[in-house]
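Colleague: The structure is given below, and queries will be raised subsequently.
The values are calculated or read from the model by the stated rules, or taken from the named source; none is laboratory data. Everything quoted here is computed from the prediction, not taken from an experiment. When we count neighbours, we look across all protein chains shown, and the Cβ atoms used for this are built from the backbone with ideal geometry, even at glycine. Ligands, DNA and RNA are excluded from the accessible area calculation, which covers all protein heavy atoms including side chains. Shrake-Rupley method; radii C 1.70, N 1.55, O 1.52, S 1.80 Å.
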Amino acid sequence: MLKVDLPGIWQDEVQQQIFRQLLSCMSNPGTIADLSLSLGESTALMGVLATLLDNTVTLHDIHTLVPEGKRRFLNSPTASLSEARFIVADGAIAPDTNFNPNLGTLASPELGATIVLQGRQLGSGKLTLSLTGPGIPSAKESKVTLNGFDDAWFSRRQEWVSAFPLGIDLILVDATQVMIIPRTTQINTV
């Protein structure tokens, strides 16, 4: 039997560590998790994708952010933008008017896409988001600053989640950190 020793993010125990941090971020919108101890030589983008994708989940990499050599390890089939379950995009490039992700259906809202946006930095920058909703204490709001994310993504997100439970979930990443904004979270730019 051939034994392949895969490094870092391709190991089950590392993916379990990353998955736990993703669950925490999903439950607490606006929380930024540092994945650097789990990533080794990889980026947060690759760590998130390695953890969440498999051969049953489709991917659309609109700005070709996933290197071809690592793309094969994901084993995720490609799909068109309107059908992909996961979409990877450069957060600094505003979505064009033809960018229409899958929002799911009333019978299956969970089929709505998850958009993974790669930006420069979470937790600092000129763009400030004010988050409210489930997972954020009712008397409070969570504010987060971003660098390298075009604010048009958050304007368009408002359109995509306006017919809740239909919509998309956002995963924001920089080199080593991750933050999740579920479709249930309300966003205001400050």
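Colleague: Just for the stretch 55-87: of the residues that are modelled with pLDDT under 95 and of a type in the set (D, E, K, R), which one is surrounded by the fewest Cβ atoms within 10 Å (Cβ to Cβ)?
Modeller: Going through the qualifying residues, I end up with Glu68.
Colleague: Could you go through the stretch 27-44 and let me know if any residue there is under 21 Å from Ser162 (Cβ atoms) and not basic (Lys, Arg).
Modeller: Within the stretch 27-44, one or more residues are under 21 Å from Ser162 (Cβ atoms) and not basic (Lys, Arg).
Colleague: Can you work out which of the residues in the stretch 126-135 that are open to solvent by 40 Å² or more (accessible area, probe 1.4 Å) and outside any loop (DSSP other than H, G, I, E, B) is nearest to Gln17 (Cα to Cα)?
Modeller: Top of the filtered list is Thr132.
Colleague: Looking at the stretch 28-48, I want the residues that are free of Cβ contacts under 8 Å to residues at least 24 places away in the same chain and open to solvent by 60 Å² or more (accessible area, probe 1.4 Å) and have a partner that is of a type outside the set (A, V, I, L, M) and assigned to a helix (DSSP H, G or I) with Cβ atoms under 9 Å, at least 6 apart or on another chain. Which pairs are those?
Modeller: Within 9 Å, the pairs are Leu37/Gln17.
Colleague: Further question: Test of understanding: among Glu110, Glu141, which residue is surrounded by fewer than 21 Cβ atoms within 10 Å (Cβ to Cβ), free of Cβ contacts under 8 Å to residues at least 12 places away in the same chain, in contact with a strand residue (DSSP E or B) (Cβ under 6 Å, 6 or more places away or on another chain) and on the phi < 0 side of the Ramachandran plot?
Modeller: Being surrounded by fewer than 21 Cβ atoms within 10 Å (Cβ to Cβ), free of Cβ contacts under 8 Å to residues at least 12 places away in the same chain, in contact with a strand residue (DSSP E or B) (Cβ under 6 Å, 6 or more places away or on another chain) and on the phi < 0 side of the Ramachandran plot holds for just one of Glu110, Glu141, which is Glu141.
Colleague: For the stretch 161-190, name all the residues that are polar (S, T, N, Q), closer than 12 Å to Gly30 by Cβ and touching a residue at least 60 places away in the same chain (Cβ under 8 Å).
Modeller: Scanning the stretch 161-190 gives a single hit, Thr185.
Colleague: Give me the residue from the stretch 93-107 that is touching a Leu at 6+ places or on another chain (Cβ under 9 Å) and open to solvent by 30 Å² or more (accessible area, probe 1.4 Å) and, out of that set, nearest to Arg156 (Cα to Cα).
Modeller: In this case the residue turns out to be Asn100.
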